[in-house]
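> I'd like to ask some things about the structure below.
The values are calculated or read from the model by the stated rules, or taken from the named source; none is laboratory data. Please read these numbers as outputs of a predicted model, since none were measured by experiment. Using ideal geometry, Cβ is built from the backbone for each residue, glycine included, and neighbour counts are taken over all protein chains shown.
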Amino acid sequence: MSNLLSEEQRSLLEDVLNHIIPGNDEMPAAGLVASDFVERSAIGSVAIKRVVLDIVAVTNAMAGLHHNKRFLEVSDSSKESLLRIVEEQNKGTFSDFVNLVYDGYYTNPSVIGLLGVDAGTPQPTGFSNPPFDPGIVDDVRTRGPRYRVV
């Protein structure tokens, strides 16, 4: 690969990916098939590089803060709760990271082969979307029309 991540950071990245999309008997975990994609994407974009490096650093920092260990040394049963804390405290960055992981995973030829070409979209069983809040357009409604009738 490249010199973007150290071996420890790469192992941490793979572990985090495996918790975002765990494997099962039929499908591989994301760490196996998407980690190279994530790292290559980070090499090609400063914005993605910042997202990946921030998630790696914050994840390890949270493990140290809550368990006095590196993330790789924390028990698997505690890693999910740590990642929830990372997500809660870094919503935008974590969301960007998860989207990157999904891009790498669901465009991987081996995953496409297992799912089949007509697997469809991950919605409605993929991301959970919050219900629409009509209050977000109240300001626009109160402004009235911004055009001239001709």
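Conditions tested, residue by residue: (1) without any contact (Cβ under 8 Å) to a residue 12 or more places away in the chain; (2) within 14 Å of V58 (Cβ to Cβ); (3) part of a helix (DSSP H, G or I).
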residue	(1), (2), (3)
L83	no, yes, yes
E87	yes, yes, yes
Y102	no, no, yes
Y105	no, no, yes
I112	yes, no, yes
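> Can you go through V111, V117, V74, V51 and tell me which one is at pLDDT 95 or above and not acidic (D, E)? First the steps, then the outcome.
Values: V111 fails: at pLDDT 95 or above; V117 fails: at pLDDT 95 or above; V74 fails: at pLDDT 95 or above.
Only one candidate qualifies: V51.
> In region 66-84, what residues are in contact with a helix residue (DSSP H, G or I) (Cβ under 9 Å, 6 or more places away or on another chain) and farther than 16 Å from E14 by Cα?
Step one: filter region 66-84 for residues in contact with a helix residue (DSSP H, G or I) (Cβ under 9 Å, 6 or more places away or on another chain), giving 66-67, 69-76, 78-83.
Within region 66-84, H66, H67, K69, S78, S81 meet the criteria.
> Run down A30, A47, A63 and say which single residue is surrounded by 21 or more Cβ atoms within 10 Å (Cβ to Cβ) and closer than 28 Å to P109 by Cα. Before the answer, list the steps.
Values: A47 fails: surrounded by 21 or more Cβ atoms within 10 Å (Cβ to Cβ); A63 fails: closer than 28 Å to P109 by Cα.
Among A30, A47, A63, only A30 is surrounded by 21 or more Cβ atoms within 10 Å (Cβ to Cβ) and closer than 28 Å to P109 by Cα.
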